[in-house]
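Enquirer: Please find one structure pasted underneath; my questions will follow.
The values are calculated or read from the model by the stated rules, or taken from the named source; none is laboratory data. On a predicted model such as this, the values are computed, not experimentally measured, just so you know. Please note: Cβ atoms are built from the backbone with ideal geometry, for glycine as well, and neighbour counts cover all protein chains shown. The area values use the complete protein model at the heavy-atom level, side chains included, leaving out ligands, DNA and RNA. Shrake-Rupley method; radii C 1.70, N 1.55, O 1.52, S 1.80 Å.
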Amino acid sequence: MKLLISLVKIGLKLTTLGVFIGCLALAAAYYYYAPKLPDVETLRDVQLQTPLRVYSDDNKLISEFGEKRRSPISFSQIPQDYINALLAAEDRNFFNHIGIDIKGLFRAVFQLASTGRIQSGGSTITMQVAKNYFLTRERSFVRKFNEILLSLQIEQELTKEEIFELYINKIYLGHRSYGIQAAANIYYGKNIDELSLAQIAMIAGLPKAPSAYNPITNPERATERRNWILKRMHSLSFINDEDYNTAKNEPVTAEYHGTQIELYAPFVAEMVRNELYQYFDEGLYTNGLRVYTTLNSKMQAAANQAMENGLLAYTERHGYFGAEKTAAVTDLSEANILATLNKQRTFGSLQPAIVINTDQQQAQIFIKDHGLTTLTWDSMQWAREYKGPNRLGRQPTLASDILSSGDLIRVRPDSQDHWFLTQIPRVEGAFTALSPKNGALRALVGGFNFNHNKFNRATQAKRQPGSNLKPFIYASALEQGYTPATLINDAPVVFHDNNLESNWRPQNYSKKFYGPTRLREALYKSRNLVSIRILRSIGIDTATEFLSRFGFDKDRLPNNLSLSLGSADITPLELVTGYAGLANQGFKVTPYFIERIEDSDGKILYQAQPATVCTDCVYFPNPSAAPADFTLIASQADENSDTSAAAVAANVVTMSESTTPLTTRADAAPTQLAGQQVTNLPIAERIMPPHAAYMIYSIMQDVITRGTGRRAQVLKRSDLAGKTGTTNDQKDAWFSGFNQDIVATAWVGFDQPTTLGRREFGGTAALPIWIDFMETALANSPDQPVTQPDGLVSIRIDPETGLLAYPGQENAIFEIFPEKSVPTETARNPLQPNNIGTTRTEDIF
């Protein structure tokens, strides 16, 4: 007995000693490791790796750049069902413990002692936050001890809600999704607060093993995990019997949802990425920046559709190339067909399809994502064989003349249940649209389809504009004293120019010559010889200096008379920028496409400051510096807003002292000062006199009412102006046009310059694209006539001579003149032989 008592005493002493030694060891470990631990306060300002997101000006998502898909949310945005599901699955005592689970830790210690390694871990949500933000995934005693210490510190510094929020925004949940909001988007195409109870439980089951319990790749195990969580929620009284039974019987509906792009503008998204990478480097893809562009979503969508329609119309006019791949499928089983179609990409509305069979004047086809359908004769009879840009094969009479069983073809929806045979165009195009008021890019398309070819022709393709450049030559002449009624001789001429390789004998497209022609008529009828004579008269240096004011690179303009016919190499974006100066009545604007940049917290890092057209404005960079006797009235203030001058001025945060502005601001309306307007945006520089600007606008309106742009009359507007352009051998087709609200340029051509066909011109290939776009862009814009500036008068003239009309002249027309340039002579009346009037012709050689 005494021996037993002695053994017990020894045991107690050893136990006490062991506990004491253990406590000493823990204390020593604490004092050794604690100073080396990171500061948990940094969790308050943690920067989660969040992708770059690019938006339109009306908050439509254009693109997302970054490896990790993450959309952080606050605790208040988390549905209560998800909170309960996660507690049931991971840590039911989270809101009650001090950061560690004592039972779980003893279980982990026992596992370590008995097996030599930790298996279950006993981690709480707080401990997982410590591990995810500060530690490696190594399974060791030291790492676990640091995890415990950090958890205790985290619980002291942060609230439970803050800890929970950190956890649900950090965790990896499969398919590149990080955080529960991104997981909801990817698996269900919805936000977390839009999910059903069963879907929420599915998301809650992912943190333990995102691959093993993935509802897309492993739906059976994912369902088991989901139902276990639902059962736990039921046993913990988080849900009632009815909710439990309904949720556990709900079928698995998860499927992969890519980034929910709301506006297709990949060329602009790439422009943004390329522009910002020089400032942010690789951090661009992880810092959670939100970039708001100047794109208008309706205009961009209209530009996309107009470009596709225009290029498809061209390619279908010129014949069918044949199947994309003949006999692509020999065994026409559904499995083989789907395997082939799944390898094909969809380009815009063009869907890949396999021909099953043909029967007289129809064909049965299988379309990816749509299954079996029938192509009717009216949807394919256009498909005469392509023989070249100017030749077509014979007219088909049967479907078998066009298609064969097993062919891989392209179709597009013509209506809800009707499909139309088509093909991927070989021709390309570009479209750009700006606001003439400040240069804001409203729409841009760099080619038929970004996924088919990523080359951005709107910004990178330098092509000859042809007659699209003529308005600038004519505007320069108007600035030099010409009038719309000035006569120039349209007659043959040969030039001996040392800058040209040989004698130059230019012609009009019609090969005809029309004699003395008024300047207005020469432009709207696009007379080449008149343009050459005008340029020779005003001088090449004068013309190139004038063009450089509109943003054209003087070094890339030819120093010879071919400039008058548009032989310069110019991108569509450069051309539309120049046209903006014609549309806004003679002011210099610079194109820009980034309106503002925000960080992940919504703080503005950059705000564009554009040079803006404001004819009666006073510019104060800081409106608080405006004269004291001026009263500042905020233009867009509500009753609760700060209308102080200082508040109005505080609108820009630059990225660094050395950076130049990336863009400009489009929506900052001017304020008003005692009868004058004042703006904190730079005022656009005038680059053309008001009288010349008004006259060239008026002349270019005639291009649409009676010239090469007559198709645009379908828009039924009187304020439109523009110019077609076609280069030699019809290698490039252009149309640029505008009103005071929008200016746009369309280009069509092949990447390797070759003829579009002898019947293709700016008015046939490019103008329809411009019209389709403008129909949407101007839908809610009233007709706005341009205000005639002081110093101009409208006078009746003789259309043949440009002189004053004689009394009673029936074919007289009205023309605009500067007051100092009004004709002083009257045209000869052919019915009065002794009329003292004279006919005056200015021959320019």
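Enquirer: Cα atoms only, the range 694-764: Rg and Dmax in Å?
Expert: In Å, with Rg to one decimal and Dmax whole: 12.9, 38.
Enquirer: Further, regarding this structure: In terms of Cα to Cα distance under 17 Å, which lysines are near enough to residue 554, apart from those fewer than 8 places away along the same chain?
Expert: Cα-Cα hits under 17 Å: 462, 470, 588.
Enquirer: Report the net charge of residues surrounding residue 770, where surrounding means a beta-carbon distance below 12 angstrom and charges are Lys +1, Arg +1, Asp -1, Glu -1.
Expert: Numbers: positive: 711, 723; negative: 772, 775.
Around residue 770, the surrounding residues sum to 0.
Enquirer: Compare the peptides 327-333, 529-535 by average per-residue count of other Cβ atoms within 10 angstrom and give them in order, highest first.
Expert: Answer by packing, highest mean first, reads 529-535, 327-333.
Enquirer: What is the spread of the Cα atoms of the range 207-250 along each of their three principal axes, largest first, in whole Å?
Expert: 30, 19, 10
Enquirer: Any chance you could tell me what percent of the C-alpha pair distances in the range 396-460 go past 13 Å?
Expert: It works out to 76 percent of all Cα pairs.
Enquirer: Testing the spin-label approximation: label points 7 Å from Cα along Cα→Cβ at residue 387 and residue 45. State their distance in nm.
Expert: 7.5 nm
Enquirer: Each residue of the range 391-398 in order: what ³J(HN,Hα) in whole Hz does its phi give by Karplus 6.51 cos²θ - 1.76 cosθ + 1.60, θ = phi - 60°, with x for Gly and Pro?
Expert: Running phi through 6.51 cos²θ - 1.76 cosθ + 1.60 with θ = phi - 60° gives 9, 10, x, 5, 5, x, 10, 10 Hz.
Enquirer: Right, something else. Would you grab the residues whose amide H sits under 5 Å from the one on residue 678? Only those 5+ places off in sequence or on another chain, please, with H modelled 1.01 Å from N.
Expert: Excluding prolines and chain starts, which carry no amide H, the hits are 618, 671, 672, 673.
Enquirer: Same structure, new question: Nearest 0.05, what FRET efficiency do residue 751 and residue 599 give at R0 = 30 Å with Cβ-Cβ as r?
Expert: So, using R0 = 30 Å, E works out to roughly 0.15.
Enquirer: Moving on. So with the 1.4 Å probe, I'd like the accessible area per residue for the range 272-428, rounded to whole Å².
Expert: 46 Å²
Enquirer: In the neighborhood of residue 61, defined by Cβ-to-Cβ distances under 9 Å, what is the net charge if each Lys or Arg adds +1 and each Asp or Glu adds -1?
Expert: 0
Enquirer: For residue 177, what is the net charge nearby, where nearby means another residue's Cβ is under 14 Å from its Cβ and Lys, Arg count +1, Asp, Glu -1?
Expert: Combined, the nearby Lys, Arg, Asp and Glu give +3.
Enquirer: So what does log10 I(q)/I(0) come out to for the range 701-812 at q = 0.14, 0.16, 0.18 Å⁻¹, using the Debye formula with one equal point on every Cα and no solvent?
Expert: Treating every Cα as an identical point scatterer, log10 I(q)/I(0) equals -0.71, -0.82, -0.92.
Enquirer: How many nm separate the modelled label positions at residue 235 and residue 212, each set 7 Å beyond the Cα in the direction of the Cβ?
Expert: Inter-label distance under the simple model: 1.8 nm.
Enquirer: Where does each of 237, 123 land when they are ordered by accessible area, with a 1.4 Å probe and the largest first?
Expert: Per-residue accessible area, sorted high to low, gives 237, 123.
Enquirer: Moving on. Karplus couplings for the range 52-59 from phi (6.51 cos²θ - 1.76 cosθ + 1.60, θ = phi - 60°), rounded to Hz, Gly and Pro as x?
Expert: Calculated HN-Hα couplings, in order: 6, 10, 10, 10, 7, 5, 10, 6 Hz.
Enquirer: Search the structure for amide H atoms under 5 Å from the amide H of residue 295, placed 1.01 Å from N in the peptide plane, and list their residues when 5 or more places away or on another chain.
Expert: Answer set, sorted by chain and number: 57.
Enquirer: Quick one: which residues, 5 or more positions from residue 124 or on another chain, have an amide H under 5 Å from its amide H? H modelled 1.01 Å from N in the peptide plane, none for Pro or chain starts.
Expert: Correct list: 101.
Enquirer: Next question, about the same structure. Report the calculated FRET efficiency for residue 224 and residue 249 (r = Cβ-Cβ distance, R0 = 22 Å), to the nearest 0.05.
Expert: 0.95
Enquirer: Per residue of the range 780-792, in order, report the coupling 6.51 cos²θ - 1.76 cosθ + 1.60 (Karplus, θ = phi - 60°) as ³J(HN,Hα) in whole Hz, putting x for Gly and Pro.
Expert: 10, 10, x, 4, 10, x, 6, 6, 6, x, 4, x, 10
Enquirer: Straight-line reach from residue 68: which aspartates and glutamates have Cα under 16 Å away, leaving out those fewer than 8 places along the same chain?
Expert: 282
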